[in-house]
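What follows is a set of notes on a single structure, which appears directly below.
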Amino acid sequence: MNSEESPGADANGTPPTSARSAPRAADVARNIARGLKGLAPVGVHPALIPGVGVEQTQRTYRTDWLVFGVAPAFTVLFIGWGVLDGDSLANTAQSTLNWIIEYTGVFFTSVATAILLFMIFLGVSKYGRIRLGRDDETPEFSMFSWISMLFAAGMGIGLVFWGAAEPLTFFESPPPGTVEGGTLEAMQTAQAQVHYHWGPQAWSFYALVGVAIAYGSFRRGRTPLISSVFAPLLGERKTTGPLGKTIDIFSILVTLFGTAASLGLGALQIGHGVEIVAGIGQVGNGVLIAVIAVLTACFIASAASGVSKGIQALSNINSVAAIVLSLFVFFVGPTLLIMNMIPAIAFEFINDLPQMMGRSSAQGEATEQFLATWTIFYWAWWISWSPFVGMFIAKISRGRTIRQFVLVVILVPSLISLVWFAIFGTTAIDQQMNGADLPTTPPENVLFGVLANLPLTEITNIVLMLLIAIFFITGADSASLVMGTMSQQGRPTPKRWVTITWGTLVGVIAAVLLATGVEGSGLKALQNVTIIAALPFAVILVLMMVALMKDLRRDPLILRDQYARQAIRHSVRTGLEEYGDDFALIPTEYDHSRDDHPWVDETADETLSEVFESASLPAIDEQQDTEVASDAEIEPETVAEVDAAVADNVSADGPGASDAAPGDNLEPPTSRS
């Protein structure tokens, strides 16, 4: 290549056609374009589409009365069964759950591993650069608020419920074939097993649903529904037809029952806290129902205020409260032991991971029972919660890249869970080894027992109850918004009466089933039904991976990469063959059908092109509107500036330079010597 030539000049000394206009002209033209809100881009190449947000499609959202009618009707029948014959409901649910765990346990374990590997692949591959939104979009929430909301919605109340109970249980009764219970080795094994249940594999379920919905809604203009994710496989028509509605109804029911079950568990733990703080005997159903009523009223009020107000504020408060409580236990508990355990748990988890992932019922009856009671139970529980948590995470993750999404949604909560269990679990085990005699059942009592052996018990008990309440409120109001969205054809902000309806149903289900059956068998049946629903939804998650992969392979950013690689490879080869070292690459139209080598393998997504060309421009804020209006007032000057800038560039580029149209291919190189 001739080093004496100007880098931007061709053989005749003319600047390349890529220099279009001066920066000032581009800025002015951009401001003018901002004012044309009705402008619809036409004829844009599929590889150049910057992304289409669902709000740009100008969809009309109406209440889907089929979805909104069938789901509550089924719920009423379920409640009626529980009220009229709660023991029958409990026995039927338990028998069905036992069959699922016995005969489909390997399937659950395989799906859990496959989804984790799939999400890791998305994060580290070329697809990680894709943004969940337009190419120029920025995140709506700060990193702290984002992490707080996704963590509180995902498993906040579960961490409080099992934070001390599960590590202590595995310490006394380690997984079969590992170590002897009650030893120092059992402490690390117990914590590694806990992290296996609450760490990356648990969050990968949520991440899959979240990234699939966020990508479809904020980059391809689809409605934020579970059914819309399958458009690449089924087509848009089927996802809005009976099959799509069935998927959405099923997702609502799973969300409704899962949230109600968590409300019941939260009420039990708060009820035990009331017993301790008030110094009274065992509380009855009346107190528990009152707790449920208060919590229901709080999360309905929060949900009605929307994500950016109620949920965000409560999540931030909850995160601060959780940090304060964990730091208190960390400093007044066995501090040095906890500090040593945190890295030890991480390394023990990595070391034991192959064994934990490969554990199966073929290893004996004890292992089969352990899997049924713990591991498979957890995988089914996370899968059953994935529609609601995934949709909510999608709602708050707009503007993030897939790589950032995977890194934060899977790794950050997993690290927080590791530290949380290390603090509370290690403290509980340390107290047990020193003769505290903590009971492991019922699990809702264990953490209160741990705090009873530390200073300021009365205060920490109150903080713990508030933490449980706010954790649940944050998760339940998120669920109410998600159910409202699914019953209103994907409406991003559902109407208040719809949100209130679903929130009320959650409270009614929890209260009625908590008070029916023998010793809370109604609530246990509700938990089991939620987990039973995980089997068909596990199949849905497998198909979701296929649909998402099909979408990502046709993403404009990926298509641009393919065009770039093929064009440069062909052009460099041709340039070397024809001109040796002295050639340059000049963009122009070129027909690749004349070549022997293959062009881009993936076909363009014509559906995305149609959506983009019919979409409106992204909305701009009021300040931008004001600036555009100010520019519009001096339209003659603006036009004059544009004309002058274009004239300057035409004279600089030479006659006809500004008429060259950018092609989507590259012509074989032209000699510069």
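Quick rundown of the values:
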| read-out | value |
| --- | --- |
| Table column - 3J(HN,Hα) (Hz), the stretch 482-495, Karplus curve with 6.51, -1.76, 1.60, x for Gly and Pro | 5, 5, x, 4, 5, 8, 10, 6, x, 4, x, 10, x, 5 |
| The stretch 35-128, accessible area per residue, ligands and nucleic acids excluded (1.4 Å, Å²) | 51 |
| Per residue accessible area in Å² of the stretch 355-404, where ligands, DNA and RNA are left out and the probe is 1.4 Å | 31 |
| Extended-chain gain in nm, criterion 0.36 nm per residue less alpha-carbon gap, Ser125 and Asp581 | 160.8 nm |
| Accessible area (Å², 1.4 Å probe, nearest 10) - Asp85 | 70 |
| Cα-Cα pairs of the stretch 527-596 separated by more than 18 Å (percent) | 63 |
| Relative contact order %, the stretch 71-195, counting alpha carbon pairs below 8 Å whose residues are six or more apart | 11 |
| Backbone N under 16 Å from the Leu66 label point (7 Å along Cα→Cβ), restricted to the stretch 205-240 | 226-228, 235-240 |
| Longest to shortest principal axis, alpha-carbon extents of the stretch 225-367, angstrom | 60, 46, 38 |
| Between the stretch 37-112 and the stretch 138-206, the Cα center-to-center distance that results, in Å | 26 |
| Accessible surface ranking that places the most exposed of Leu467, Leu117 first, with a 1.4 angstrom probe | Leu117, Leu467 |
| Rg to Rh, two decimals, where the stretch 176-233 supplies the alpha carbon set and Rh follows Kirkwood | 1.36 |
| Solvent-accessible area per residue, Å², over the stretch 136-250 with all protein chains present [probe radius 1.4 Å] | 29 |
| Long pairs among Lys238/Lys395; Lys245/Lys550; Lys524/Lys550, criterion Cα-Cα beyond 31 Å | Lys524/Lys550 |
| Debye intensity ratio I(q)/I(0), log10, the stretch 434-583, q values 0.10, 0.11 Å⁻¹ (C-alpha model) | -0.70, -0.78 |
| The stretch 318-370: mean projected area of Cα convex hull, nm² | 5.8 |
| Probe 1.4 Å - accessible area at Arg59, Å² to nearest ten | 100 |
| Share of carbon and sulfur in the accessible heavy-atom surface of the stretch 140-247 [1.4 Å probe, %] | 60 |
| Estimated vicinal HN-Hα couplings, Hz - the stretch 576-590 in sequence order (Karplus 6.51, -1.76, 1.60; Gly, Pro = x) | 5, 5, 9, 10, x, 7, 9, 8, 9, 9, 10, x, 6, 5, 8 |
| Under-5 Å amide H pairs with Ala584, H placed in peptide plane, nonlocal only | Thr670, Arg672 |
| Integer Hz, Karplus 6.51/-1.76/1.60 couplings in order for the stretch 133-143, x for Gly and Pro | x, 5, 4, 9, 7, 10, x, 7, 10, 5, 4 |
| Difference of contour (0.36 nm per residue) and Cα-Cα distance, Leu117 to Asn91 | 5.7 nm |
| Carbon + sulfur, % of accessible area of the stretch 286-406 - ligands and nucleic acids excluded, 1.4 Å | 71 |
| Inter-site label distance for Ser173 and Gln355 at 7 Å from Cα along Cβ, in nm | 1.9 |
| Distant-in-sequence amide H partners of Val52 (H built 1.01 Å from N, under 5 Å) | Arg219, Arg220, Gly221 |
| Stretchable slack from Arg237 to Leu327, in nm (0.36 nm times residue separation minus alpha-carbon distance) | 27.1 nm |
| Solvent exposure ordering (accessible area, 1.4 Å, most first) of Val408, Val179, Val324 | Val324, Val179, Val408 |
| Order of exposure, largest accessible area first, which applies to Arg573, Arg403 with probe 1.4 Å | Arg573, Arg403 |
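The values are calculated or read from the model by the stated rules, or taken from the named source; none is laboratory data. Everything quoted here is computed from the prediction, not taken from an experiment. All Cβ positions, even for glycine, are placed from backbone atoms using ideal geometry, and neighbour counts span all protein chains on display. The area values use the complete protein model at the heavy-atom level, side chains included, leaving out ligands, DNA and RNA. Shrake-Rupley method; radii C 1.70, N 1.55, O 1.52, S 1.80 Å.
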